[in-house]
Amino acid sequence: MLEIKNLHAGIEGKEILKGLTLSVGTGEVHAIMGPNGSGKSTLANVLSGRPRYEVTQGSVTFEGKDLLAMATEERAREGVFLAMQYPVEIPGVNNIYFLKAAVNAVRKHRGEEELDAMEFLQLAREKMKVVDLDEAFMNRAVNEGFSGGEKKRNEIFQMAVLDPKLAILDETDSGLDIDALRIVAQGVNALRSEKHSVLCITHYQRLLTYLVPDFVHVLAGGRIVKSGGKELALELEQKGYEWIEQEAVAAR
Amino acid sequence: MTSALFPLTIREQAAQRFEQLGWPTPRQEEWKYTNVAPISKIQWKSAGQAASIGQAGAPDLNMAGRALVELTFVNGVFVSKTGGGAKGLKVSRLAEEQSEKLAKYADYQDHPFTALNTANANDGALIVTEAGAAIEGFIHILYFGSGDEVWSHPRNLILAGRNSQLTVVETYAGEGRYFTNAVTEIVAEEGAVVDHYKIECESSSAYHVGTIQIHQERSSNVTARSVAVGGALVRNEVNAALKGEGCSLALEGLFIGAGSQHIDNKTVIDHARPHCESMELYKGILDGNARGVFDGRVIVGVGAQKTVARQTNKNLLLSETAIIDSKPTLEIHNDDVKCNHGSTIGQLAEEPLFYLRSRGIGEEEARGLLIYAFASEIVDRMKVEPVRELIRRAMFQQMPDRLPERRGASR
Ligand SMILES: Nc1ncnc2c1ncn2[C@@H]1O[C@H](COP(=O)(O)OP(=O)(O)OP(=O)(O)O)[C@@H](O)[C@H]1O
Ligand SMILES: [Mg+2]
């Protein structure tokens with residue numbers, strides 16, 4: 001589904017990803033772990049087309065198409081979703097209105113009929129239950145005045161409504177209490193199927209006990225320096241990253 | 001021709017005063033940003049009789065059925081009155097019913113356009129509430145301009161009696177190259193609550209100069225909202241005098257310019273007595289070669305201890321050629337106050353734009369949503385639903401390339 005080859009990318013002239021290669025198959029759940037500042041969010045941002053990030057080398061294909069050539073909204077319409085590490089507050093843009101516009105933009109792209117207000121509300125209500133968000137949130141402005149946990153749940157709610165093929169979660173678990181964490185995991189697991197893939201960026205094992213990834217990767221110094229199965233996450237939690245960084249250096 | 005509003009002496013005085021003052025020029029501090037030469041060089045004439053409101057656009061403006069009372073004027077000439085009114089409320093025409101309070105508040109000695117209005121006004125609305133009357137719903141006054149080289153001088157007087165409450169909406173619209181020179185005086189007696197809306201969506205080739213003059217007595221509460229969307233050259237003045245203790249005043253403005261529009265907002269808030277509060281927020285959205293002005297003065301007098309005043313002007317520039325002159329000013333003559341002011345000028349922020357696009361919303365639509373969002377800080381606070389609808393429609397008509405049409409939007 002997603003093929004990243006030798007990706008070099010950065011921001012403001014500073015190279016952060018230095019030859020990253022990663023392949024995510026359809027239906028797989030991958031976790032990416034790594035020290036602070038190693039480039040995890042940079043990867044997520046580059047994949048979603050955030051402005052000001054520059055790709056200097058390498059390629060990314062999504063279902064065989066050149067992802068990097070697409071505008072941000074096209075990527076979303078093709079089925080790439082990024083749950084952001086820091087969701088922005090947008091006063092004056094109504095949550096429900098915004099999400100309906102988004103859903104219909106995606107449906108239109110897929111050649112599906114647009115949802116009318118009633119159909120959309122029905123869908124939204126159903127998904128709201130999954131993430132245990134109160135309906136009152138729907139009529140508020142996007143993320144405005146939401147607590148940290150509510151913002152994260154709102155990300156997962158949007159994901160559930162938009163039904164992407166590839167969901168990228170950038171530290172969606174950070175700062176969540178155990179109940180909120182379970183809800184987020186529930187939302188992601190509901191999406192999980194042989195057609196949906198997940199790329200989950202996290203620092204902790206916690207979320208992964210609920211998600212159970214097929215692969216765990218360590219991102220350090222702008223590269224994937226180690227990959228393994230779900231046990232790797234446990235090992236990382238116990239031993240930290242240093243041993244891997246040393247291993248990587250030694251291997252050169 | 002309808003009868004004149006004012007006694008001959010006042011008319012003559014005002015006419016004389018206008019002769020002496022002449023048309024203002026940018027050399028005068030008060031008119032620094034706005035040159036009215038395009039207005040002064042035209043030979044304006046009054047409309048003799050009422051024309052009918054043209055077909056285009058007019059149904060949108062009509063709030064009959066939703067307004068408690070609606071008065072309609074075309075080129076300043078009375079056309080119709082609809083609605084049943086309410087107990088404790090009297091809505092009449094100044095041509096038919098005079099008031100001794102008229103021309104007591106809006107100064108025609110130093111303000112040339114007020115002098116011009118006072119010398120030429122023929123009709124307008126007189127809205128009076130009895131003491132204690134809480135009027136539900138709103139009164140709508142629609143001034144429609146029609147044709148070229150025609151001017152009109154609408155004149156309104158709103159008298160809110162003690163502890164009464166009312167909402168008045170003035171809409172200015174039309175077709176053609178006409179000139180509207182309006183003056184509204186608002187008097188809020190002790191404890192009165194007044195919610196006033198002025199919606200200026202004149203034709204794109206029309207000229208509009210208007211003054212809202214507010215006089216507040218003890219513990220009164222006035223909200224004056226000024227929306228400017230249309231017109232080639234527009235000057236909106238709001239002057240408020242807080243003459244009793246414990247008054248509160250909110251001035252809210254939204255001005256939206258495109259093409260080569262020029263929209264000048266001038267406000268003066270005069271804190272004369274202690275314990276009053278004024279909150280002012282004006283927001284401007286400018287596109288194309290439009291130019292906007294915010295020139296706001298808050299004066300806190302020697303005797304106005306414990307004044308709380310906040311004055312803010314925020315502007316959104318959508319093109320590189322749009323211009324804003326923002327000049328918020330505080331003049332404080334005593335120490336015991338809490339006042340602040342500020343202004344911002346910026347473009348659409350990158351982060352929200354990215355967020356919306358990352359969910360699949362196209363760039364143009366995302367920008368449009370954010371433009372509406374910028375305006376919504378003012379619009380969402382408006383309590384009169386038909387006004388909110390009118391503003392969204394007017395915004396869309398103003399910049400159809402920039403804004404998504406909000407069909408079925410819940411707000
Ligand atoms: N806008 C920016 N301008 C300059 N440098 C940046 C910018 N954004 C991020 N960086 C730098 O890029 C590097 C990688 O940042 P990134 O956010 O990708 O790390 P991360 O792995 O997500 O870290 P964390 O675990 O703290 O979220 C860091 O050194 C960071 O300081
Ligand atoms: Mg990060």
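Throughout, read-outs are computed from the coordinates displayed, never taken from laboratory work. Since the structure is predicted, the reported quantities are computational estimates derived from the model, not experimental observations. Every residue, glycine as well, gets a Cβ built from its backbone with ideal geometry; the counts of neighbours run over all protein chains shown.
Take the Cα of A:K239, step 7 Å along the line toward its Cβ, and report every residue of the range A:202-221 whose backbone nitrogen sits under 20 Å from that point. A:202-206, A:208-209, A:213-221, by backbone N distance to the label point. Considering only alpha-carbon pairs that sit under 8 angstrom and 6 or more positions apart, the relative contact order computed for chain A is 27 percent. The GluC sites (Glu not before Pro) of the range A:9-57 that DSSP puts in a loop, and whose beta carbon has at most 10 other beta carbons within 10 Å, are A:E12. When B:H196, A:H203 are arranged by Cβ crowding within 10 Å, least crowded first, meaning fewest neighbours, the order is A:H203, B:H196. The dipole here belongs to the protein assembly as shown: it is taken about the Cα centre, uses +1 on the Cβ of Lys and Arg and -1 on the Cβ of Asp and Glu, and is about 220 debye. Cβ-to-Cβ counts within 10 Å put B:W151, B:W44 in ascending order as B:W44, B:W151, the fewest first.
For chain A, modelled as a Gaussian network with Cα springs under 10 Å, which listed residue fluctuates most, A:A136, A:A190, A:A69? Of A:A136, A:A190, A:A69, the most mobile in the Gaussian network model is A:A136.
Averaged over peptide A:142-149, the number of partner chain Cβ atoms lying within 10 Å of each residue's Cβ comes to 1.
Which value in deg cm²/dmol, rounded to the nearest 500, describes the helix-derived mean residue ellipticity at 222 nm for chain A, given -39,500 (n - 2.57) per DSSP H run of n ≥ 4 and division by the residue count?
Working: 9 runs with 100 residues, N = 252.
So the calculated ellipticity at 222 nm is -12000 deg cm²/dmol.
Size of the range B:299-348 from its Cα atoms: along the principal axes, largest to smallest, the extents are 45, 16, 9 Å. Could you pull out the trypsin sites (Lys or Arg not before Pro) across the range A:182-240 that fall in loop regions by DSSP (anything but H, G, I, E, B) with no more than 14 other Cβ atoms inside 10 Å? Within the range A:182-240, the qualifying trypsin sites (Lys or Arg not before Pro) (loop, at most 14 other Cβ atoms within 10 Å) are A:K195.
Shielding of peptide A:84-90 by partners, expressed as the average count of other chain Cβ atoms within 10 Å per residue Cβ, is 4.
List the DSSP H helices in chain B whose Cα atoms stretch 18 Å or more along the helix axis and whose mean Kyte-Doolittle hydropathy is at least 1.0. Sorted by number, there is nothing, because no helix extends far enough and scores high enough.
With both labels modelled 7 Å from their Cα along Cα-to-Cβ, the B:S80 to B:S205 distance reads 2.7 nm. The shape of chain A can be summarised by an equivalent ellipsoid whose semi-axes, obtained from the alpha carbon gyration tensor, come to 30, 21, 16 Å from longest to shortest. Electrostatic bookkeeping for B:S343 treats Lys and Arg as +1 and Asp and Glu as -1; over the other residues with beta carbon under 9 Å from its beta carbon, the sum is +2.
Work out the charge dipole of the range B:349-411 with +1 on the Cβ of Lys and Arg and -1 on the Cβ of Asp and Glu about the Cα centre, then indicate which of B:A394, B:L356, B:V384 is farthest towards its positive end. Value: B:V384. Shown here for the range A:182-246: GluC sites (Glu not before Pro) in loop regions (DSSP other than H, G, I, E, B) with at most 12 other Cβ atoms within 10 Å, namely A:E194.
A simple count of charges around B:A160, restricted to other residues whose Cβ falls under 11 Å of its Cβ and scoring Lys, Arg +1 and Asp, Glu -1, yields -4. Our coupling estimate for the range A:167-172, obtained by passing each phi through the Karplus curve with A = 6.51, B = -1.76, C = 1.60 and θ = phi - 60°, is 9, 10, 10, 9, 6, 5 Hz, Gly and Pro reported as x. Projecting the Cα atoms of B:G210, A:N95, A:G187 onto the charge dipole of the protein assembly as shown (Cβ charges, centred on the Cα centre) puts B:G210 farthest toward the positive pole.
Under the rule a/c < 1.5 gives rounded, and otherwise a/b versus b/c splits prolate from oblate, where does the range B:8-244 land using the Cα gyration tensor? Walk me through the numbers before you get to the answer.
On the way: a/c = 1.69, a/b = 1.22, b/c = 1.39.
Oblate, since a/c reaches 1.5 and b/c is not below a/b.
Under 13 Å from the Cβ of A:G148, count the other residues' Cβ atoms, weight Lys and Arg +1, Asp and Glu -1, and hand me the total.
Working: positive: A:K151, A:K152, A:R153; negative: A:E89, A:E150, A:E155, A:E171, A:D173, A:D177.
Neighbour charge sum, excluding A:G148 itself: -3.
Projecting the Cα atoms of A:M70, A:F81, A:Y53 onto the charge dipole of the range A:39-142 (Cβ charges, centred on the Cα centre) puts A:Y53 farthest toward the positive pole.
Normalised by the residues of chain B, what does the relative contact order come to in percent, with Cα pairs under 8 Å and at least six apart? Could you put the intermediate results ahead of the total?
Working: 1117 pairs, mean separation 39.2, N = 411.
Over chain B, the number comes to 10 percent.
The charge dipole of chain B, taken about its Cα centre with unit charges on the Cβ atoms of Lys, Arg (+1), Asp and Glu (-1) only, comes to about 320 debye. Relative contact order, whole percent, for the range B:185-313 stands at 22, derived from Cα pairs under 8 Å and 6 or more residues apart.
So for chain B, Kirkwood radius off the Cα pairs, Stokes-Einstein at 4 °C and 1.567 mPa s: how many µm² s⁻¹?
60
Ordering B:165-175, B:69-79, B:330-340 by mean Cβ neighbour count within 10 Å, with the highest value first, yields B:165-175, B:69-79, B:330-340.
How large is the charge dipole for the range B:8-244, taken about the Cα centre, if only the Cβ atoms of Lys, Arg (+1) and Asp, Glu (-1) carry charge, to the nearest 20 debye? Please list the in-between numbers first.
Working: 21 positive and 26 negative charges, 14 e Å.
My answer is approximately 60 debye.
For chain A, a Gaussian network of Cα nodes joined below 10 Å ranks A:V212, A:V130, A:V93 by mean-square fluctuation, and the top entry is A:V93.
Packing, taken as the mean count of other beta carbons within 10 Å per residue, orders the peptides B:25-34, B:107-116 from highest to lowest as B:107-116, B:25-34. When the Gaussian network model of chain A links Cα atoms closer than 10 Å, the mean-square fluctuations of A:S23, A:S38, A:S174 top out at A:S23.
Working from label points 7 Å from Cα in the Cα-to-Cβ sense, the B:E100 to A:A69 distance is 8.3 nm.
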